[in-house]
Structure formats: structure tokens, C-alpha cells
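Can you read through this structure? Questions will come right after.
The values are calculated or read from the model by the stated rules, or taken from the named source; none is laboratory data. Here the structure is a predicted model, which means the values were calculated and not measured. With ideal geometry, Cβ positions are generated from the backbone for all residues, glycine too; neighbour counts draw on all protein chains shown. The protein model used for the area step is the full one, side chains on, heavy atoms only, and it has no ligands, DNA or RNA in it. Shrake-Rupley method; radii C 1.70, N 1.55, O 1.52, S 1.80 Å.
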Amino acid sequence: MAQFINAKEDLVTEAIDGVLAAAGGALSRLDGYPHIKVVFRSDWDKSRVALVSGGGSGHEPAHAGFVGKGMLTGAVCGEVFASPSVEAVLAGILAVTGEAGCLLIVKNYTGDRLNFGLAAERARALGRKVEMVVVDDDIALPDLPQPRGVAGTLFVHKIVGAMAENGADLDAVTAVARTVIGKVASIGMSLDTCTIPGSQKENRIGAGKAELGLGIHGEPGVEQVDFGTAMDAMGTVVSKLRDHAGGNTVAIVNNLGSTTPLEMSVLTHALAASGLVKHIIGPAPLMTSLDMHGFSVSIMDATPDEQAALAQPVALPAWPGLAQLAKPPIVPLPDGLTPIEPIPSQNAKTREIIERVTDLLISSEGALNTLDAKSGDGDTGSTLATAARALKSSLDRMPLADLTQLFPAIGNELSQTMGGSSGVILAIYFNAAGDACANGASVLKALREGLNRVSQVGGAGIGDRTMIDALSPALDALPQGIAAAAAAARKGADSTASIHRAKAGRAAYVPEENLKGHNDPGAEAVALLFGALEQEMVD
């Protein structure tokens, strides 16, 4: 798998240098590359308790992304998924620790415990006041004697970070850290493993499966479960966390790496609907596992003081802040935008034709998406299928017996339910056809007038590699019968495969070599529709 890296051995140091370069001078590092990789606050004067965390890289923005006023004082970075050395941790401690002392916040992995623990002992021998807490928030393996430390560690960073910034002493900071650790619970789920740079990806999660409780280093989870929907996935996670929730539960919703913002928002909706939590941090990539396609949820029942600490603002781009889950206000549409409902009427034949067409578009979703991916963004099938489902569900309120009303009603429905340029183009088409019908035009002339209006507004014509290449010849042939129209539509759609230079639509931005040999998806959809109408007449 290709990745945006240079030499594997320089990956972590170059990544740290990128973070430093974008920090505007707020972050510094020790001159210890490549073995000592320590990031710390440039403004640090050692007058307050220092907070140091860290571990293997690959979890970004953790931990260097949370170094700043109100959170961590320093972060000690190891190689990808490898604990930093004792020398590196000791260097970090010595760089930031003054008379107020230092608290090490360590995730519960053997390497981290050993290296941070021995570094703490050596620092104490040098006269530094150092305490260490170990975060063990992972509940995936309930019988494990040493639960792992995962994204719930960020609760500790933020709460004690606020305390330290406000001047609390080392004993108080350490005590609160231990209290918070005792209340935090986390679990994750993923559809895929992560890709470690320079290594072969392990494809252990099969199609239709998700892994529950896997670790942030890609370790296998407690079990693989059937994957259905985002709601089901979040429901499984919530069921594991519910016994750890309380009356004022705060959740961190963490993107494990490559889950898209759209997916994370859908998962957040599912979490909000569960009623488990009252406040939320995220969704955001906070403690990732390289490019893992998954998410985790960490919760704690926060006291008022802990909630205030979580809410205290910090000027760190990686920290999303605390928000209260609330039902959003829904405001009525402005005057003039509320759609005018048509007067329903019934016509069995018209209904049958529309249902056949919509069923065809729904069943063709995948094929049209695949075709569109050759020359566009791969969404034509989904766009048409979404509109077809909406149109089919609206038939009971459509004026099926009156074409002068039906055409504009279809146009209005498509303008509301069909995204992209397709929706507005078809809305223009059917509204123009309805206007022509209302003025006494025949159905054929009305359909032709709709096409003329689309060409005027959109600027496309025959030969421009759009749906017009199939629709125009089909309408020309329609007086000879639906079979002739279907044949003309098919011929027009197939002709677009040899048009290598699109002059309209999104394909106009696509290199010519990508278009060769592939039908325009809009033209293909028109050909499929006329083919369905021909079959309807045969049946």
C-alpha cells in the first residue's frame, strides 16, 4: 500500500518536525534525534507541575498534538507502536521538571510501564519529584489482569492539565488523575486493521464483519461480530459501556484513523440516540491507530469540577472541546419554499410505468455508480436511486391522472430529493414539459420542450457526452413507437463511449483517457429507462 512517507526510518522525526513547523513557535523539541524525540511547550517556565505523556507513534494527534497550555507539558515519542527508551523519557522529565514536580501519564502497556517507570526512578535519584499514573481504561477484555490504556487517557490529560495550569500541586494532581482513571471505560470497533509502514497489512477481518475491542496497535479484539449498520455497531459498543455510565456521563468519540467525517457523524448520531451520555468530546481523531477504519468511545461519569476542567478552553487544534448533547432546534422553511402539494389522482397505467422506471433505477444503482467512477465521482447510480425511492414513495399523493399537473409535480419532487446537477436539470425538464402540456402541447411536444429548456439553461447539446446524447434521438424516434425510441436511446448512449472530450457535466474535468470506451452514465440511464418502457409495452 502506497503511503505519503519518505524513508521509513525518518517517518517519526519528519512527522514531529511537521507538527513543530505548524505550531507557530509554540512547541520546541530536544536536540536528541533520532533516538530522543521529545516535544514540549516553548513557554514552559517550570513554575507549575509538569505533565508528561507519550508512547509509540502512530496514534496522532496523541501525544504531541496535546502539548500546550492546559494539557500536556511534554510528550515523549517512540517509533511507530514502540515505546520510547528510558533515556528518551528521562530526557523529557529533566527538560520540563522544576520544583513543583512532574506527573507521568502512562498507558498500560508493558514497554511504556517499564521505560517510563525506570525513567521516573532515575529522575527521583537526581532529585526530581516525579509521580506516575497508569491508565487502564480498555474494557474489551474484562478478565484481563492488566487492561490496556487507550483513548480514555485523554480524560486524564485534560482534567489534570487544567488543574496543573491553575496551580494545583503534585499530590493533588496525582490524586485526581488516579480518581479519573478509576472511572474511565473505553472500547472500540473496526472494520479493518491498520497498515504499519513497511509491513504487509494483515487482512484478518472478513467481509461483513467488524472487530470489537481491538487494540490501538492493531491487536486482535475480543471477538468478530456481524456488521450491519452504524446504529447496530454503536449499539454493541454502548451495551458494553452502559454499566460504567452514570448520571453525568461524558463521552470521547474517537476516530481510529481512516473513518470518514460523515461516518463519524452518523456514529455520533447513534450514540446521541442511545441516551447513554450527556456531554461529548468529538467526534475527532484523537488517539488513532494509523489508518484503522474504526472508532472508539470512552466514557466517564464526571463531577462538576471534572466537567469544568474538561470544558476549560485550550488553544490546541487537535482538541475539539466539550459540548452538551442537545436536541437541535428545527426551524420551518422560509415562506415561498414550502412545496405546494398537488391534488392526488389515480391512473393505474401511469403508476405502473413510473414504478417500473423507479424500480429499474434502484436496481441499477451499483452498475451506474461503477460506470460513473470511470468518468466522474461514482455517484450517478446513488443519486438516481435516491430520487427513485423518493418518487416511488410519493405516488399516492401525485396527480397521476393529469399530465399537466404530474410533470411539474415530478419536477418539484426531484428538485427536493435529488442532489447535484441531475436534480435541477430534471426539475427544469419536467417543469418545462408541464408548462408546455398546460398550454395545449402534445405529450411528445411537451417532452421535446423540456429537453430544449434543459439545453438552453445547461448549455449542453448532442455530442457533448451527456444524457442528451441518448434522450434527444429517443424523442426524435418516439413517433415511430417506443421500440424505435429505445433503439435510438441505446445507440445514442453507446455513441458516448467514443466521445473522448466531454464539453459539459463533471466529465468535462476528467482526462480524455479516462473516458475512452465508457458510456456516459447519464446517457446510459436514459437508455435503460427507454428499454424499460419498451418492455412495459411488450408486457
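In nm, to one decimal, how far is the modelled label at GLN416 from the one at ALA497, with both set 7 Å along Cα→Cβ?
The answer from the label model is 4.0 nm.
May I ask you to evaluate 6.51 cos²θ - 1.76 cosθ + 1.60, the Karplus curve with θ = phi - 60°, for each residue of the range 468-479 and list the ³J(HN,Hα) values in order in whole Hz, giving x for glycine and proline?
Each residue of the range 468-479 in turn: 5, 4, 9, 6, 4, x, 5, 5, 4, 8, 4, x Hz.
Probe radius 1.4 Å, ligands and nucleic acids ignored: give me the carbon and sulfur share of the accessible area of the range 334-444 as a rounded percent. Provide the component values of the computation, followed by the final result.
Values: 3070 of 5480 Å².
Carbon-and-sulfur percentage of accessible area, whole number: 56.
Still on this model: Quick one: Karplus J couplings for the range 35-49, per residue in order, coefficients 6.51, -1.76, 1.60, θ = phi - 60°, nearest Hz, x for Gly and Pro?
These are the phi-based 3J(HN,Hα) values: 8, 10, 10, 10, 10, 8, 5, 5, 8, 6, 10, 6, 8, 10, 4 Hz.
Here is a further query. Along the charge dipole of the chain, Cβ charges K/R +1 and D/E -1, which of CYS437, VAL238, GLY321 sits furthest on the positive end?
Among CYS437, VAL238, GLY321, the one farthest towards the positive end of the dipole of the chain is GLY321.
If you average the sequence gap of Cα pairs under 8 Å that are 6 or more apart and divide by the length of the range 42-132, what percent do you get for the contact order? Can you show the working numbers first?
On the way: 174 pairs, mean separation 28.5, N = 91.
Relative CO of the range 42-132 lands at 31 percent.
Which of GLN346, ALA460, GLN480 sits farthest toward the positive end of the charge dipole of the chain, with +1 on the Cβ of Lys and Arg and -1 on the Cβ of Asp and Glu?
Most positive-ward Cα: ALA460.
What part of the accessible area of the range 220-330, given as a whole %, is carbon or sulfur when the probe is 1.4 angstrom? List each step's numbers first, then the result.
Details: 3040 of 5180 Å².
Carbon and sulfur: 59 percent of the exposed surface of the range 220-330.
Mind running the shape call on the range 108-167? Use the C-alpha gyration tensor, a ≥ b ≥ c as the square roots of the eigenvalues: rounded below 1.5 for a/c, prolate if a/b tops b/c, oblate otherwise. Walk me through the intermediate numbers first.
Working: a/c = 3.58, a/b = 1.27, b/c = 2.81.
Oblate, because a/c is 1.5 or more while a/b does not exceed b/c.
According to a simple spin-label model (label point 7 Å from Cα along Cα-to-Cβ), what is the distance in nm between ALA367 and SER345?
Here the modelled spin labels are 3.5 nm apart.
Apply the Karplus curve 6.51 cos²θ - 1.76 cosθ + 1.60, θ = phi - 60°, to the phi angles in the range 206-213 and return the couplings in whole Hz, x for Gly and Pro.
Taking θ as phi minus 60°, the curve returns x, 4, x, 10, 10, 9, 9, x Hz for the range 206-213.
May I pose another question? Starting from the amide H of SER345, placed 1.01 Å from N in the peptide plane, find each other amide H under 5 Å away whose residue is 5 or more places distant or on another chain.
Correct list: MET398, LEU400, ALA401.
Where does the chain land at 222 nm, in deg cm²/dmol rounded to the nearest 500, when only DSSP H runs of n ≥ 4 count, each adding -39500 (n - 2.57), divided by all residues?
Working: 18 runs with 236 residues, N = 539.
After summing the helix terms and dividing by the residues of the chain, the value is -14000 deg cm²/dmol.
So what is the accessible area of the range 283-402 per residue, in Å², with the probe set to 1.4 Å?
On the way: 6350 Å² over 120 residues.
On a per-residue basis, 53 Å².
What is the helix-to-structure angle for 482-495, meaning the angle in degrees between its Cα long axis and the longest Cα principal axis of the chain, kept from 0 to 90 and rounded to the nearest 10?
For helix 482-495, the angle is close to 50 degrees.
Same structure, new question: Which of the three applies to the range 1-99, rounded, prolate or oblate, going by the alpha-carbon gyration tensor with a ≥ b ≥ c and a/c under 1.5 meaning rounded?
On the way: a/c = 2.07, a/b = 1.59, b/c = 1.30.
It is prolate, given that a/c is not under 1.5 and a/b is the larger ratio.
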